[in-house]
Amino acid sequence: MLELVGVRHRYAARVVLDLERFAIPPGALIAMVGPNGSGKSTLLRLLALLERPTEGEVRLDGRAVSGGPARVRPGTVARRSVTLVEQRPILLQGTVRDNLGFGLRARGMRRDEVNRVTEDVAARLGVTPLLERRRHELSEGEVQRVAVARALAVEPQVLLLDEPVSSADRAAAQTLYAALREERRRRPLAICLASHQLEDAYRWADDVRALAEGKLSPVTPENLFRVELPLTGAGDLKHVRVGTIEIAAMTDKTGPAILAVPPTDILVSREPLASSARNVFRGRVIRLARQRAGAVHVTVDVGVELVAVVTEEAAHDLQLTPGGPVVLAFKASAVRVF
């Protein structure tokens, strides 16, 4: 178990991360989502033992390995247990083969064994054709894949990934995710990644956590629901049961899918309005949260919880209060289907 406990991390006087606890259990598949500046990269660097928290500590299997009252410094065993691949990884001089074998050679592995592991991990990550190339001969997406392969070669307990497919095309991204799934089948491995790709986060991870202004947020970036899409005629609306309600969506997809309803596409009113919206639900306000200046996140129970975003002025005009009645409406075309 890798975890942050009681962490408040500052750059100068600014608090950039404030977490009572953030844990990565053994074998976990965690995706961190959130806007730029929310603290995702800082969180990963603390977990990777590349920075020591200003307050609090990093623990590995219950033992402090960084920070804490005694200002513990990471030891070799802890550092070898956790590996971070940053969004713009740096490759060492030499070929891709040299890079993949670097960590293995540093740990005293024999040359023939280094070559065997290097060939094996290159095949799993689909970078075998790149083995004799150098950094300037690689695309940014290829550099990311090589960096992940280099990290996996040393078999860490925890793999941390910062936007691992930000420079990859769709096919390369799927190759990487497939390789990570295979790696977890092959041996115990916990993975935590930061991603702006909401679709990938929800399709790939078992546990999706949202970070906002350095804190874990109860409000995810969108309303997301795992569903089973029925078979209908091309171009027909699909009515999909989510909790006790049915959501109308425009899609030709069938089978397992994820519905996403952007909070900014949900219209909030006190009474139903005449409109073309196919999704209209009555409910009661559960909570109001101000995530940023001028914007209010309204969580409403309509049979399931839906989050809408309105302006401060609209929240005042509608007299929104916890427990108060409200109507939510959104078009079928606003529902994204993954």
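The values are calculated or read from the model by the stated rules, or taken from the named source; none is laboratory data. Note that the structure is predicted; figures quoted are calculated from it, not measured. Because the Cβ atoms are built from the backbone with ideal geometry, glycine has one as well, and the counts that use them run over all protein chains shown.
Check Val326, Val300, Val296, Val310 and return the single one that is touching a helix residue (DSSP H, G or I) at 6+ places or on another chain (Cβ under 7 Å), surrounded by 16 or more Cβ atoms within 10 Å (Cβ to Cβ) and more than 27 Å from Asp236 (Cβ to Cβ).
Working: Val326 fails: touching a helix residue (DSSP H, G or I) at 6+ places or on another chain (Cβ under 7 Å); Val300 fails: touching a helix residue (DSSP H, G or I) at 6+ places or on another chain (Cβ under 7 Å); Val310 fails: touching a helix residue (DSSP H, G or I) at 6+ places or on another chain (Cβ under 7 Å).
The conditions single out Val296.
When only residues in region 64-73 that are in contact with a strand residue (DSSP E or B) (Cβ under 9 Å, 6 or more places away or on another chain) and surrounded by fewer than 19 Cβ atoms within 10 Å (Cβ to Cβ) count, which is modelled with the lowest pLDDT?
Initial filter on region 64-73 (in contact with a strand residue (DSSP E or B) (Cβ under 9 Å, 6 or more places away or on another chain)): 64-70, 72-73.
Checking which are surrounded by fewer than 19 Cβ atoms within 10 Å (Cβ to Cβ) leaves us with 64, 68-70, 72-73.
Working: Ala64: 91, Gly68: 83, Pro69: 81, Ala70: 70, Val72: 78, Arg73: 81.
Taking the candidates together, the pick is Ala70.
Within region 11-55, track down each residue that is free of Cβ contacts under 8 Å to residues at least 60 places away in the same chain and of a type in the set (Asp, Glu).
Glu20, Glu51, Glu55 - these are the residues of region 11-55 that are free of Cβ contacts under 8 Å to residues at least 60 places away in the same chain and of a type in the set (Asp, Glu).
Among the listed residues Arg290, Arg282, Arg278, Arg270, identify the single one that is basic (Lys, Arg) and either without any contact (Cβ under 8 Å) to a residue 12 or more places away in the chain or loosely packed, with under 13 Cβ neighbours inside 10 Å (or both). Explain how you work it out, then say what you get.
Details: Arg282 fails: either without any contact (Cβ under 8 Å) to a residue 12 or more places away in the chain or loosely packed, with under 13 Cβ neighbours inside 10 Å (or both); Arg278 fails: either without any contact (Cβ under 8 Å) to a residue 12 or more places away in the chain or loosely packed, with under 13 Cβ neighbours inside 10 Å (or both); Arg270 fails: either without any contact (Cβ under 8 Å) to a residue 12 or more places away in the chain or loosely packed, with under 13 Cβ neighbours inside 10 Å (or both).
On inspection, the qualifying residue turns out to be Arg290.
Kindly indicate which of Ala194, Ala147, Ala151, Ala178 is more than 17 Å from Ser81 (Cα to Cα) and in contact (Cβ under 8 Å) with a residue 60 or more places away in the chain.
Ala194
How about region 90-109: which of its residues are among the β-branched types (Val, Ile, Thr) and either not assigned by TED's automatic domain parsing to the domain that holds Asp120 or not in a helix (DSSP H, G or I) (or both)? If you could, list the steps in order and put the result at the bottom.
Start the filter on region 90-109 by keeping residues that are among the β-branched types (Val, Ile, Thr), which leaves 90, 95-96.
Listed by number, the residues that qualify are Ile90, Thr95.
Looking at region 63-83, which of its residues are on the phi < 0 side of the Ramachandran plot and out of contact with any Pro (no Cβ under 9 Å at 6 or more places or on another chain)? Outline the logic, then answer.
As a first pass, look at region 63-83 and keep what is on the phi < 0 side of the Ramachandran plot: 63-66, 69-70, 72-83.
Answer for region 63-83, where residues must be on the phi < 0 side of the Ramachandran plot and out of contact with any Pro (no Cβ under 9 Å at 6 or more places or on another chain): Arg63, Ala64, Pro69, Ala70, Val72, Arg73, Pro74, Gly75, Thr76, Val77, Ala78, Arg79.
Across region 149-167, what is the number of residues that are of a type in the set (Gly, Ala, Ser) and crowded, with 20+ Cβ neighbours inside 10 Å? Talk me through it step by step, then tell me what you get.
Kept after step one, since they are of a type in the set (Gly, Ala, Ser), are these residues of region 149-167: 149, 151, 153, 166-167.
The next check asks that each one be crowded, with 20+ Cβ neighbours inside 10 Å; those that pass are 149, 151, 153.
The total comes to 3.
Could you list all residues from region 164-187 that are modelled with pLDDT under 85 and not charged (D, E, K, R)? Break it down into steps so the answer makes sense when it comes.
Filtering region 164-187 down to residues modelled with pLDDT under 85 leaves 165-175.
Correct list: Val165, Ser166, Ser167, Ala168, Ala171, Ala172, Ala173, Gln174, Thr175.
Answer yes if at least one residue in region 47-55 is in a loop (DSSP other than H, G, I, E, B), of a type in the set (Lys, Arg) and surrounded by fewer than 21 Cβ atoms within 10 Å (Cβ to Cβ), and no otherwise. So that I can check it myself, show each step before the final result.
Step one: of region 47-55, the residues in a loop (DSSP other than H, G, I, E, B) are 48-54.
Narrowing the set further to residues that are of a type in the set (Lys, Arg) leaves 52.
Restricting the remaining residues to those that are surrounded by fewer than 21 Cβ atoms within 10 Å (Cβ to Cβ) gives 52.
Yes, there is a match, as at least one residue in region 47-55 is in a loop (DSSP other than H, G, I, E, B), of a type in the set (Lys, Arg) and surrounded by fewer than 21 Cβ atoms within 10 Å (Cβ to Cβ).
Would you pick out the residues in region 207-227 that are modelled with pLDDT of 80 or more and over 19 Å from Arg290 (Cβ atoms)?
Correct list: Asp207, Val208, Arg209, Phe225, Val227.
Within region 140-233, which helices (runs of 4 or more DSSP H) (wholly inside it) include 3 or more residues that are more than 15 Å from the chain's Cα centre (by Cα) and assigned by TED's automatic domain parsing to the domain that holds Lys40?
Details: elements: 140-153, 170-186, 198-204.
So the answer is 140-153, 170-186.
When both residues are 6+ apart or on different chains and their Cβ atoms are under 7 Å apart, which pairs have a first residue that lies in region 298-318 and is outside any loop (DSSP other than H, G, I, E, B) and of a type in the set (Val, Ile, Thr), and a second that is modelled with pLDDT of 95 or more and surrounded by fewer than 17 Cβ atoms within 10 Å (Cβ to Cβ)?
Note: pairs meeting the criteria are Val300/Arg284.
Going by what's in this entry, would Asp169 be described as among the charged types (D, E, K, R) and in contact with a Gly (Cβ under 7 Å, 6 or more places away or on another chain)? Give the derivation first.
Values: among the charged types (D, E, K, R): yes; in contact with a Gly (Cβ under 7 Å, 6 or more places away or on another chain): yes.
Considered against the rule, which asks whether it is among the charged types (D, E, K, R) and in contact with a Gly (Cβ under 7 Å, 6 or more places away or on another chain), Asp169 comes out as yes.
Residues in region 188-197: is at least one of a type in the set (S, T, N, Q) and over 25 Å from Thr42 (Cβ atoms)? Before you say what the answer is, go through the steps one by one.
First, the residues of region 188-197 that are of a type in the set (S, T, N, Q): 195, 197.
When the remaining residues are screened for being over 25 Å from Thr42 (Cβ atoms), the result is none.
No; the residues of region 188-197 include none that is of a type in the set (S, T, N, Q) and over 25 Å from Thr42 (Cβ atoms).
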